[in-house]
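The structure appears right after this line, and notes come after that.
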Amino acid sequence: MDASTQPAEWLLRPALPSDLETLVELRATVMREDLERLGRFDEHRVRQRMRDSFSPENSWVVEADGVFAGCVSLRPDADATWLEHFYLAPQVQNRGLGSAVLASLLQRTDADGVRVRVNVLQGSAARRLYERHGFAPDRQDEVDVWMVRLPGRGAAVADLVARLRAAGCVYAEEEAAILLEAGEAGSAGDLESLVARRVAGEPLEYVVGWAEFFGLRIAVSPGVFVPRRRTEFLVERAVALAPGAGLVVDLCCGSGALGIAFVDRVPGAELHAADSEDAAVACAQRNGIARVHRGDLFDALPTSLRGRVDVLLANTPYVPTDGIAFLPPEARDHEPAVTLDGGHDGLTVARRVAASATEWLAPDGIVLIETSRAQAPVLTRVFADHGLVATVAHDDELGATVVIGRSGADSPL
Ligand SMILES: C[S@@+](CC[C@H](N)C(=O)[O-])C[C@H]1O[C@@H](n2cnc3c(N)ncnc32)[C@H](O)[C@@H]1O
C-alpha cells in the first residue's frame, strides 16, 4: 500500500470474537504515545481494558485495500451512542481514512437521529478529527475530554466551513470547530454574530476572546497583540536555558502569553510583566498575572528588580515601519501600530531593551528577543555592544528567530 495516499478502497466488516486479540494489540500500539505522555501507560491495563469492554456485535473491523487497517464500535447507551475503540493501524494514519470512516458512521447515527459521545485523551490529535466532524467538548478532567455531537451536526459544520472558506479563511475546518464551541458557550456572543465578525475579517482570536499559546488558552481582546505560535520557540529556549529561574520579566508583555507560558513550565518563578498600553496591562491581569506594570520599557518595573532578573523575555514590535502596509489585513487593520511598528529597521525598541538589559539582569541572567532572520545579525552586534554574550537560535518549522544574550562575559550560552 502506498504510504502517502488515501487507500483506494475501504470497508467495514462486522467484528468477530476471534478478532479480539488483534484489536487488543492494535489498541496497545496506537494509544502508547498519548498514554506515555500522560504518564498512564501500563502494558497490561491498556490491553485488559479492551478485553473487558469490547463487544463484537457493536463493532466493525476496518479493511483498507483488502488489508486489516483498524476497528471501531458504536455502543448504544441511555441518551446517546458511544463511539469507542476507534483505532487505525499506524501505516494508514494521516491519510484521510479516519475521516472517511467517521463520516460514514455519523451518516448512520444522523439517520437514526441519535447523539454520539466520544472520549479522547487530553492533547490527543484525535480531538481535532472529532471537532471537524461536529463534536464539541462536553466536560473534561486532567486526563480525558468527553465530547458530544448532536444529530445533524455534520451539516451545520459543513455549512460553516464553506462560509469561512469563501471568506478566505485558510484553516476553515479548525476555525469552524472553535467558533462552534464559542457559540455554544455563549460567553462571546451567539454563533451567528461571531461568524459575521470573522467573515468580515476580524482575527479569530478577538472574535472568540482567546488564543492558543504553548498549549494554554490565553485571553486576548481587541487592542492587544495576538500571541503568535512562532513565539513559543522563544519560551521554549528560555525554559531550556533557565529551568531554575527565580525571577522572570515579560517586557512588552501584551496579553502576558510569554510569561504565563514560562511559569507554566517553571512553576516556582516569580513573574513580573510590563507594557506601555492600558489594554495590554488589563489583559495580562485578566490572564492572572499578579504583578503587571504599566510604562515605557524598564521604567515600568519596580527598581527593586534591578540586577536580579534571571530571565528577560521580550517580544518587542519588530516590523519595519515601511513593512506594516504589507502585513496580512488581520494584523494591519486590527492590531494597533504600537504592537507592530519597530521603527525604520524594525529594531528601535529591541535596541533600547538591549541597551538597558545588563542593568536589570542578574549575574548570568539571560535576555531573549524575537526578531526576523534578517534582523538577527544586527541585533547580535547590538547585544555585544552592550556587554551581552549573544547567540542566535532559529526554528525552521515555526519560522522563528530569537537573539539570546547572557550577562557575564565568562558564561557562554
Ligand atoms: C509584538 S507585541 C508582543 C506582545 C506579547 N509579548 C506577545 O508576544 O504576544 C509588542 C508589545 O510591546 C508593547 N510596547 C511597544 N512599545 C513599548 C514600550 N516602549 N514600552 C513597553 N511596551 C511597549 C506593545 O504594546 C505590545 O503589547
| request: Run Val114 past the list (1) among the β-branched types (Val, Ile, Thr); (2) farther than 21 Å from His133 by Cα; (3) at pLDDT below 95 and report the number of the one that doesn't hold. | output: (2)
| said: I'm trying to understand the selection: among the residues of the stretch 196-215, which are part of a loop (DSSP other than H, G, I, E, B) and of a type in the set (D, E, K, R)? | reply: Glu202
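The rows are residues; the columns are (1) under 13 Å from Val311 (Cα atoms); (2) at pLDDT 95 or above; (3) surrounded by 20 or more Cβ atoms within 10 Å (Cβ to Cβ); (4) within 13 Å of the ligand (Cβ to nearest atom).
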site: Ala242; (1), (2), (3), (4): yes, yes, yes, no
site: Pro267; (1), (2), (3), (4): no, no, no, no
site: Glu270; (1), (2), (3), (4): yes, yes, no, no
site: Asp278; (1), (2), (3), (4): no, yes, no, yes
| query | Based on what the data block shows, is Ala384 assigned by TED's automatic domain parsing to the domain that holds Val239, surrounded by fewer than 20 Cβ atoms within 10 Å (Cβ to Cβ) and away from the ligand (no atom under 13 Å from the Cβ)? | reply | yes
| request: Have a look at Leu398, Leu340, Leu327, Leu361 and point out the one that is surrounded by 20 or more Cβ atoms within 10 Å (Cβ to Cβ) and on the phi < 0 side of the Ramachandran plot. | output: Leu361
| message | Need pairs with beta-carbon distance below 7 Å; first residue free of Cβ contacts under 8 Å to residues at least 24 places away in the same chain and within the stretch 276-301, second near the ligand (Cβ under 7 Å from one of its atoms) and in a helix (DSSP H, G or I); sequence gap 6+ or separate chains. | response | His293/Ala300; Arg294/Ala300
| query | Yes or no: Ser221 in the same structural domain as Leu368 (by TED's automatic domain parsing), of a type in the set (S, T, N, Q), more than 21 Å from Leu368 (Cα to Cα) and within 13 Å of the ligand (Cβ to nearest atom)? | reply | yes
| field | Some residue of the stretch 175-185 being within 25 Å of Thr339 (Cβ to Cβ), among the β-branched types (Val, Ile, Thr) and crowded, with 21+ Cβ neighbours inside 10 Å | value | no
| request: Scan Ser124, Ser193, Ser187 and give me the residue that is in a helix (DSSP H, G or I) and either among the hydroxyl-bearing types (Ser, Thr, Tyr) or on the phi > 0 side of the Ramachandran plot (or both). | output: Ser193
| Which one is nearest to Thr303 (Cα to Cα), of the residues in the stretch 364-374 that are surrounded by fewer than 22 Cβ atoms within 10 Å (Cβ to Cβ) and modelled with pLDDT of 95 or more? | Ser372
| query | Filtering the stretch 196-218 down to residues that are on the phi > 0 side of the Ramachandran plot and within 16 Å of the ligand (Cβ to nearest atom), which residue is modelled with the highest pLDDT? | reply | Gly209
| Set Val62, Val114, Val72: member being touching a strand residue (DSSP E or B) at 6+ places or on another chain (Cβ under 6 Å) and more than 21 Å from Val148 (Cα to Cα) | Val62
| query | From the residues in the stretch 298-331 that are modelled with pLDDT of 95 or more and among the charged types (D, E, K, R), which one is nearest to the ligand (Cβ to nearest atom)? | reply | Asp299
| field | Pick from the stretch 349-372, criterion of a type in the set (Val, Ile, Thr) and within 30 Å of the chain's Cα centre (by Cα), ranking: nearest to Leu241 (Cα to Cα) | value | Ile366
| field | Search result, residues across the stretch 187-215 that are under 20 Å from Thr339 (Cβ atoms), among the hydrophobic types (A, V, I, L, M, F, W, C) and surrounded by fewer than 17 Cβ atoms within 10 Å (Cβ to Cβ) | value | none
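The values are calculated or read from the model by the stated rules, or taken from the named source; none is laboratory data. From a predicted model like this one, the values you see are computed outputs, not experimental measurements. Every residue, glycine among them, receives a Cβ derived from its backbone with ideal geometry; neighbour counts consider all protein chains shown.
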